[in-house]
Each structure stands twice: as C-alpha cells, then as structure tokens.
Amino acid sequence: MTFHRFALTGVMAVAGLAVSTGASALTLNTAGLKATSVLTLSYAGYGSATGAGVSFVPLGNMTKIGDVSVYDPDLDENVLVPSYNQPVTKADVAVGWDLKIKPKSGQASRSALQLVRTGKGGVKNWVVLANFDVNFTDKMLYGDVFTSAGTVLNHVPIYSFKDNGDLKISLKGLALTMKQSISELYFQPVTSDEIGKTLALSVPLKAVLVSTDWGNIKIDVSTALRIPKVNDKPLTIADIPAP
C-alpha cells in the first residue's frame, strides 16, 4: 500500500513548497521532498521483453532500486523482476467545499526509461519513455516518447491503468494523508506503435507488447526533506546519451 503525506502549513514553508490554489485545487511542488513512485515490471512484460532482446536503462531522475520477487502464476513460482524509482516532482489534488480531498494527478518530471534493442549490423535502436504524468481521472499515464529515429511525441498516453481502490484520504488539522496505488499497466496504441516500429518487433512480438500487463506503480510522498532537491526540468531528446 502506498502512502502520500502533504503538510499544508509550516512544513510547506520549511520545505519551500510552491503551492498554487484554485477554486478547488492544490498544486504541490514535491521536488524538495522525499517523494517517490516505484515502477515494478511484471514478469510477463519483463520476460517477453528480454526474450525479444530488449533491455531497460533508467535515465534522468529514474534509478533502478533492485530486483523484486513476484509470483508468476504461469510458472507457479516466485521470480525476480526489476523495479525503478521515479521521484514525484508535482502533485495535484482537488479540495471540495466539504473539505473532501481527491487526487487529480502526479508528475515524475525528468524520469525516463529507455528500451534498447540491437538491430542489423549491431545498431542499437531505442525508445525512451519520459516525464510521466499520472492522471487519476482519466486512469491514464501520460508522458513523452523519444526514439533513436528522432521522433518526439509530447504528453501522449503511455499506459492505461487500474485504480486498486486502496485510496484513503484524511484531513487532520491542515495535514493531508493519502494512500494510493495503481496496477495493470497496458501500453496505448500511440506508444506501442512507436516501440514496435523503432525496435523492429515482429507481428507476434507487437501483439504481446499490447496485450501484456506491464506491472504496477506505488507512490510514496512524505514531508521529509530531500537534500538536494531533484531536478524537475523535463528531459528532452537532447539529454539522452547513446546506449
């Protein structure tokens, strides 16, 4: 279960949070807080990718945490899959007239995951998924897509997701506490088409890419300070090193 804690009073002043308020919304800059979102790949997704010769490289703010043991029903055993941390740089919540709080979105700017596959002549083709934006209303994870062919797609649907229904929100004083996680990440056509084309995947592999659940994301935003704060400037194609 995932925990988010935003302090809306003195902690915000200490942490230097940038807060803008609308009629019913709060935007919190969390780059200076220990705010994380952890992507854990499913064994089905990771296994099919590695079997096709695709490797994963974290870029920007994203870092590999390590391997996680998950249960694979097809093998009826626990297997290891990689997990990656993406610092949360901004969170948006809606505040009702009755003070009920609902999450709207969360961003992990400058975090990126590179998918690399070696093609003919040893040429490494790659696709980078970057600058993630989880929209809880749309149940869609948006982001930027960059490719070794020079393609740049800004803020397009990357994954659809399932809300796990574990959201818990309470307002005690002026401190907001939330619990939330998402799962069943499925690639959307605009992203899967670019991955399939750039990495030269066969028709069967493209079908697997689209039909596979790619894992889950757990977000944990605390009021603890992150020193130094993470860079929240969006990653661009010019920032991507050769694999």
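The values are calculated or read from the model by the stated rules, or taken from the named source; none is laboratory data. Please read all numbers here as calculations on a predicted model, not as lab measurements. Counting neighbours? That spans all protein chains shown, and the Cβs are built from the backbone with ideal geometry, glycine included. To get the accessible areas, we keep the full protein, side chains included, count just its heavy atoms, and leave off ligands, DNA and RNA. Shrake-Rupley method; radii C 1.70, N 1.55, O 1.52, S 1.80 Å.
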**OP:** Filter region 53-69 for residues that are among the hydrophobic types (A, V, I, L, M, F, W, C) and either free of Cβ contacts under 8 Å to residues at least 12 places away in the same chain or surrounded by fewer than 18 Cβ atoms within 10 Å (Cβ to Cβ) (or both) and give the result.
**Re:** PHE56, VAL57, ILE65, VAL68
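Residue check: is GLY150 over 23 Å from GLY32 (Cα atoms) and modelled with pLDDT under 95?
Judged against the criteria, GLY150 is not a match.
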**OP:** May I ask you to verify whether ASP72 is modelled with pLDDT under 90 and charged (D, E, K, R)?
**Re:** yes
**OP:** Considering only region 223-235, state which residues are crowded, with 16+ Cβ neighbours inside 10 Å and part of a loop (DSSP other than H, G, I, E, B).
**Re:** ARG226, LYS229, VAL230, ASP232, PRO234, LEU235
**OP:** For LEU113, work out the one condition from (1) over 14 Å from the mean Cα position of the chain (by Cα); (2) closer than 20 Å to ASP213 by Cβ it doesn't fulfil.
**Re:** (1)
Original post:
Can you find a residue in region 86-106 that is within 16 Å of LEU185 (Cβ to Cβ), surrounded by fewer than 17 Cβ atoms within 10 Å (Cβ to Cβ) and among the basic types (Lys, Arg)?
Top reply: no
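Identify, please: which residue in region 107-125 is assigned to a strand (DSSP E or B) and basic (Lys, Arg) and is, among those, surrounded by the most Cβ atoms within 10 Å (Cβ to Cβ)?
The initial filter retains those residues of region 107-125 that are assigned to a strand (DSSP E or B), namely 107-118, 124-125.
Among the residues that remain, those that are also basic (Lys, Arg) are: 110, 117, 124.
Working: ARG110: 24, ARG117: 21, LYS124: 12.
Per the criteria, the residue is ARG110.
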**OP:** Specify the residue that is nearest to ASN29 (Cα to Cα); the eligible residues are those in region 47-73 that are touching a Phe, Trp or Tyr at 6+ places or on another chain (Cβ under 8 Å) and not in a strand (DSSP E or B).
**Re:** MET62
**OP:** Being surrounded by fewer than 20 Cβ atoms within 10 Å (Cβ to Cβ), part of a loop (DSSP other than H, G, I, E, B), over 13 Å from the mean Cα position of the chain (by Cα) and at pLDDT 95 or above narrows it down to one of ALA200, ALA238, ALA207, so name that one.
**Re:** ALA200
Subject >> Whichever residue in region 169-186 is in contact with a Pro (Cβ under 9 Å, 6 or more places away or on another chain) and crowded, with 20+ Cβ neighbours inside 10 Å and, among such residues, is modelled with the highest pLDDT >> reply: GLN180
Original post:
Within region 126-147, how many residues are open to solvent by less than 20 Å² (accessible area, probe 1.4 Å), of a type in the set (Phe, Trp, Tyr) and more than 15 Å from ALA91 (Cα to Cα)?
Top reply: 1
Original post:
Does VAL134 fit the bill of being among the β-branched types (Val, Ile, Thr), without any contact (Cβ under 8 Å) to a residue 40 or more places away in the chain and assigned to a strand (DSSP E or B)?
Top reply: no
Subject >> Pairs, first in contact (Cβ under 8 Å) with a residue 12 or more places away in the chain in region 220-231, second open to solvent by less than 70 Å² (accessible area, probe 1.4 Å) and aromatic (Phe, Trp, Tyr), C-beta under 8 Å, six or more apart >> reply: ASP220/PHE3; VAL221/PHE3; VAL221/PHE6; SER222/PHE3; THR223/PHE6
Subject >> Out of ASP220, ASP166, sole residue that is under 17 Å from LYS104 (Cα atoms), under 16 Å from the mean Cα position of the chain (by Cα), modelled with pLDDT under 95 and open to solvent by 20 Å² or more (accessible area, probe 1.4 Å) >> reply: ASP220
